[in-house]
Amino acid sequence: MEIKLITFLPEKPEEYLYFGIKALGLSEEDLFKLYFLTLKVKALSDVPVYKFLERAIPNIKFDDLGKKEFLLSLSVYSLRELLKEHLDLKFTKNLYLALKGELPPEFFKKCLPKREIVTSKDITFTLLNSREKIKLQSYLKVKHLHLVFQLKDNCENLLPVLPYLGLYGLRKSKDMEYEVYTPLSISDFVYISTVLVDKKLIKKIIIDGLTMQLKSSFPDCFG
């Protein structure tokens, strides 16, 4: 199995979608799973935050920074699920209002609110760019900085790996070969790769090479 870190994806969401569709051959739905957003959240009250966390929404990362400030990371796919299933929450309403001008309309296709949303000023969101994510403290960066990895092999070898990945996009590249694209934080990568090596689904030498690449790029995340 071949695995590599994808380092050439555009940061701007419009360019990301165009490149992902044209160059990688992935669908919009797959690309929604790969594109992650990280936001700083400020709340005057803890109540809307707690009500949001009570829903146990999968594939999000959330950290308390203190003084009613928080850090939230989620994919566009998860954002769309929030708008479809949890728009009753004040947290979701304010999140949508903060992002609707920052993201292309394709990201909200078929999940736009059916009625006007009224904002409240007791909870605000600030979208971080890649430079701001890199400057996060290491204990936050390992959870909130998401990277995209590509796995390439035949269907028989890839199928046992998929249940461990969570979010992923899949495309057939050749007659017997498939490509899987998956977004992983650094901590996700360390944990999942250890499991896959232990289960002999991936060779340790491949993981060691990727780990060295990550250590070179993000030395503070590896102590």
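The values are calculated or read from the model by the stated rules, or taken from the named source; none is laboratory data. Quick caveat: nothing in here was measured; it's all calculated off a predicted structure. For neighbour counting, all protein chains shown are included, and Cβ atoms are generated from backbone atoms with ideal geometry for every residue, glycine included. Areas reflect the complete protein model, heavy atoms only, side chains present, ligands, DNA and RNA absent. Shrake-Rupley method; radii C 1.70, N 1.55, O 1.52, S 1.80 Å.
Brief remarks follow.
- Wholly within the stretch 63-171, strands (runs of 3 or more DSSP E) carrying at least 1 residues that are closer than 30 Å to Leu196 by Cα, of a type outside the set (A, V, I, L, M) and open to solvent by less than 60 Å² (accessible area, probe 1.4 Å): 69-75, 146-153
- Within the stretch 45-80, considering residues that are among the aromatic types (Phe, Trp, Tyr) and within 21 Å of Ser120 (Cβ to Cβ), the one farthest from the chain's Cα centre (by Cα): Tyr50
- Tyr50 being open to solvent by less than 80 Å² (accessible area, probe 1.4 Å) and aromatic (Phe, Trp, Tyr): no
- Of the residues making up the stretch 48-91, not one is among the small types (Gly, Ala, Ser), at positive phi and in contact (Cβ under 8 Å) with a residue 12 or more places away in the chain.
- Pairing each residue of the stretch 196-223 that is open to solvent by 100 Å² or more (accessible area, probe 1.4 Å) with any residue that is part of a helix (DSSP H, G or I), provided the two are 6+ apart or on different chains, yields C-beta distances under 7 Å for Lys204/Val197.
- Some residue of the stretch 192-209 being under 22 Å from Ser73 (Cα atoms), assigned to a helix (DSSP H, G or I) and under 23 Å from the mean Cα position of the chain (by Cα): yes
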